Amino acid sequence: MDKLKDLQQRAEALEGEHQVPFSELYNADFMRQHTKASSFDEFLIQGGYGTTKEEFEAIPDDEFDEYVRNTTDFESWLGMQEAAGAAYISKRLGF
């Protein structure tokens, strides 16, 4: 029963909107599993991109989709985001 209550508390903590830092969302384990980089910054640098927020936001969507498609096991940047989000939630729930 304690495990169920713990799971319920963890799930309640995830309700609503949250801003999760890229370093948490795209942590080393996630990046090593899906890319040849150990961090999101390294992933950007490998693609010839800058690592500041402004530089990242300036990357054209279609160009970044192609980079993700060619260098990860995802079909698009959206797919990578969704997988990172699911992994983050699973970890926060204790799975």
Would a scan of region 75-94 turn up a residue that is more than 20 Å from residue 24 (Cα to Cα) and open to solvent by 80 Å² or more (accessible area, probe 1.4 Å)? yes
Is there a residue in region 60-74 that is surrounded by fewer than 14 Cβ atoms within 10 Å (Cβ to Cβ) and aromatic (Phe, Trp, Tyr)? no
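What about residue 56, is it aromatic (Phe, Trp, Tyr) and touching a helix residue (DSSP H, G or I) at 6+ places or on another chain (Cβ under 6 Å)?
Values: aromatic (Phe, Trp, Tyr): yes; touching a helix residue (DSSP H, G or I) at 6+ places or on another chain (Cβ under 6 Å): no.
Here the answer is no, as residue 56 does not meet what is asked.
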Please give the number of the condition residue 19 fails out of (1) modelled with pLDDT under 95; (2) outside any helix (DSSP H, G or I); (3) touching a helix residue (DSSP H, G or I) at 6+ places or on another chain (Cβ under 8 Å). (3)
Over region 22-73, the set of residues under 22 Å from residue 91 (Cβ atoms), hydroxyl-bearing (Ser, Thr, Tyr) and at pLDDT 95 or above is 26, 35, 38, 39, 72
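Of all residues in region 25-39, which are surrounded by 13 or more Cβ atoms within 10 Å (Cβ to Cβ) and part of a helix (DSSP H, G or I)? Can you show your working first?
Step one: list which residues in region 25-39 are surrounded by 13 or more Cβ atoms within 10 Å (Cβ to Cβ), which gives 25-28, 30-31, 34-35, 37-39.
Residues satisfying the conditions are 25, 28, 30, 31, 34.
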Would you tally the residues in region 64-77 being part of a helix (DSSP H, G or I) and without any contact (Cβ under 8 Å) to a residue 12 or more places away in the chain? 3
Would you check which residues across region 40-59 are surrounded by fewer than 16 Cβ atoms within 10 Å (Cβ to Cβ) and in a helix (DSSP H, G or I) and list them? 42, 45, 46, 53, 54, 55, 56, 57
Answer yes if at least one residue in region 54-71 is among the charged types (D, E, K, R) and in contact with a Phe, Trp or Tyr (Cβ under 6 Å, 6 or more places away or on another chain), and no otherwise. yes
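The values are calculated or read from the model by the stated rules, or taken from the named source; none is laboratory data. Predicted model, so just to flag it, every value in this text is computed and none were measured. Cβ sites come from the backbone with ideal geometry, for glycine too, and all protein chains shown count toward neighbours. Heads up: the accessible areas ignore ligands, DNA and RNA and are worked out on the full protein's heavy atoms, side chains in. Shrake-Rupley method; radii C 1.70, N 1.55, O 1.52, S 1.80 Å.
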